[in-house]
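> The following block contains the structure, expressed as structure tokens.
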Amino acid sequence: MESIEISPIAAYALLAMMLYGIGEMLWLTLISRQVSFRHDFWQPLRNAIAVTPLSSLIPLFGTGFMALAGHSLAPISLEHSWYMWIIGLLIYEFWYWVQHFLAHKVRLLWCLHSPHHAPDNISMVVGYNHHLLEVPYMAFFLGFMPAVCGVPVEIIIAINVIDAFWGSLLHISPRVVSKRYGPLEHFLQTPSYHRVHHAKNPMYMDTNYNSMTLFWDWAMGTLQPLRDEEPVQYGITRDVDVESWRDVQLGEMALLWRDIQQAPGLGNKLRYMLMPPGWSHTGNHNMASTQKQALTAQ
Ligand SMILES: [Zn+2]
Ligand SMILES: [Zn+2]
């Protein structure tokens, strides 16, 4: 299968990104001494080391196999052509937006996505800092769903490779490259957009879900450029111990379990799993949307 033959290229590209990330880390900690090795890098690096075999290799194969599965069930199969790449990119990016939106808006999925957002700094190693269980559902959205929509498997895999490569680059440290990216900022997700995505400032929360183009964030109203007067505060709103692997990986799960246990009735227990983080059965919500409303009211 052509699609599977592309995967080693992706693996090498991601390995190069990993090596760059480690080089960036060594530069910032040991040579220029701009950040703390233990606080800023060891935790995401430790997660990356634990999760990378799954998150960098298996999902690429997984996305390929998921795409093949979706292709076999697709009611339509679109023909190869130059414009199929544009249509394929739009469809892939739509499903990327959907899965990332759900990861922020459904608390059960946020439990899997929050480790990526937990660090209170950003660097390339944060790009590899994921939850073990986040891997399989991404392959479903990025492989299976575009294929069901008729996008050829080879195009899905090629876009997925570019996405993995560009998605890693988005996490480059602002201490290495702090600038805006000129005309690219009109149509591409750049590190400055993704720094906004990693912010806990109410104005910035739950924005810039895509990792390549700006189209679906623009279309869905979730596009938020970096504002010079609003510096990014990295991290998540709960008080997380970023040096604790257990708190980063399992802390949100523990809090969700506590809320489920305390919630009255089956309906409220289910809502805690399915509603956005910060939803409360008491009506005293602290969701991103309520924080944005409070900001607007001010
Ligand atoms: Zn996110
Ligand atoms: Zn990120």
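The values are calculated or read from the model by the stated rules, or taken from the named source; none is laboratory data. Since the model is a prediction, treat every value here as computed from it, not as a measurement. A quick note on method: Cβ atoms are made from the backbone with ideal geometry, for glycine too, and the neighbour counts reach across all protein chains shown. Ligands, DNA and RNA are stripped out before the accessible areas are found, and what is left, the full protein with its side chains, is counted by its heavy atoms. Shrake-Rupley method; radii C 1.70, N 1.55, O 1.52, S 1.80 Å.
> Residues to consider are SER192, SER178; find the one that is surrounded by 20 or more Cβ atoms within 10 Å (Cβ to Cβ), small (Gly, Ala, Ser) and free of Cβ contacts under 8 Å to residues at least 60 places away in the same chain.
Values: SER178 fails: surrounded by 20 or more Cβ atoms within 10 Å (Cβ to Cβ).
Going through SER192, SER178 in turn, the sole match is SER192.
> Test of understanding: among TYR137, TYR193, which residue is part of a helix (DSSP H, G or I) and within 28 Å of SER244 (Cβ to Cβ)? Step through it out loud before you land on a result.
Working: TYR193 fails: within 28 Å of SER244 (Cβ to Cβ).
On inspection, the qualifying residue turns out to be TYR137.
> Failed condition for TYR137, given (1) within 16 Å of ligand 1 (Cβ to nearest atom); (2) open to solvent by less than 30 Å² (accessible area, probe 1.4 Å); (3) among the hydroxyl-bearing types (Ser, Thr, Tyr), with all others met?
Against the list (1) within 16 Å of ligand 1 (Cβ to nearest atom); (2) open to solvent by less than 30 Å² (accessible area, probe 1.4 Å); (3) among the hydroxyl-bearing types (Ser, Thr, Tyr), TYR137 comes up short only on (2).
> Taking SER280 as the residue in question, decide whether it is surrounded by fewer than 17 Cβ atoms within 10 Å (Cβ to Cβ) and at pLDDT below 95.
Values: surrounded by fewer than 17 Cβ atoms within 10 Å (Cβ to Cβ): yes; at pLDDT below 95: no.
No; evaluated as a whole, the condition is false for this residue.
> Among the residues of segment 68-99 satisfying the criterion of being open to solvent by less than 10 Å² (accessible area, probe 1.4 Å) and not small (Gly, Ala, Ser), which is farthest from ligand 1 (Cβ to nearest atom)?
Here is the first cut: in segment 68-99, the ones open to solvent by less than 10 Å² (accessible area, probe 1.4 Å) are 70, 84, 88, 92-93, 99.
Checking the rest, the ones that are also not small (Gly, Ala, Ser) come to 84, 92-93, 99.
Numbers: MET84: 29, TYR92: 17, GLU93: 15, GLN99: 10 Å.
The qualifying residue farthest from ligand 1 (Cβ to nearest atom) is MET84.
> Given (1) surrounded by 19 or more Cβ atoms within 10 Å (Cβ to Cβ); (2) touching a His at 6+ places or on another chain (Cβ under 8 Å); (3) over 23 Å from HIS194 (Cα atoms), identify the lone condition not met by PRO146.
Tallying (1) surrounded by 19 or more Cβ atoms within 10 Å (Cβ to Cβ); (2) touching a His at 6+ places or on another chain (Cβ under 8 Å); (3) over 23 Å from HIS194 (Cα atoms), PRO146 fails exactly one: (2).
> I've got another one for you. Give ILE58, ILE49 a once-over and let me know the one that is modelled with pLDDT under 80, within 19 Å of ALA147 (Cα to Cα) and either exposed (fewer than 14 other Cβ atoms within 10 Å of the Cβ) or of a type in the set (Val, Ile, Thr) (or both).
Of ILE58, ILE49, the one residue that is modelled with pLDDT under 80, within 19 Å of ALA147 (Cα to Cα) and either exposed (fewer than 14 other Cβ atoms within 10 Å of the Cβ) or of a type in the set (Val, Ile, Thr) (or both) is ILE58.
> Identify the single condition in (1) assigned to a helix (DSSP H, G or I); (2) open to solvent by less than 10 Å² (accessible area, probe 1.4 Å) that ILE122 does not satisfy, given that it satisfies every other one.
Tallying (1) assigned to a helix (DSSP H, G or I); (2) open to solvent by less than 10 Å² (accessible area, probe 1.4 Å), ILE122 fails exactly one: (1).
> Would segment 78-88 turn up any residue that is within 16 Å of ligand 2 (Cβ to nearest atom) and either touching a residue at least 24 places away in the same chain (Cβ under 8 Å) or not in a helix (DSSP H, G or I) (or both)?
To start, the set of residues in segment 78-88 that are within 16 Å of ligand 2 (Cβ to nearest atom) comprises none.
Taking every residue of segment 78-88 in turn, none turns out to be within 16 Å of ligand 2 (Cβ to nearest atom) and either touching a residue at least 24 places away in the same chain (Cβ under 8 Å) or not in a helix (DSSP H, G or I) (or both).
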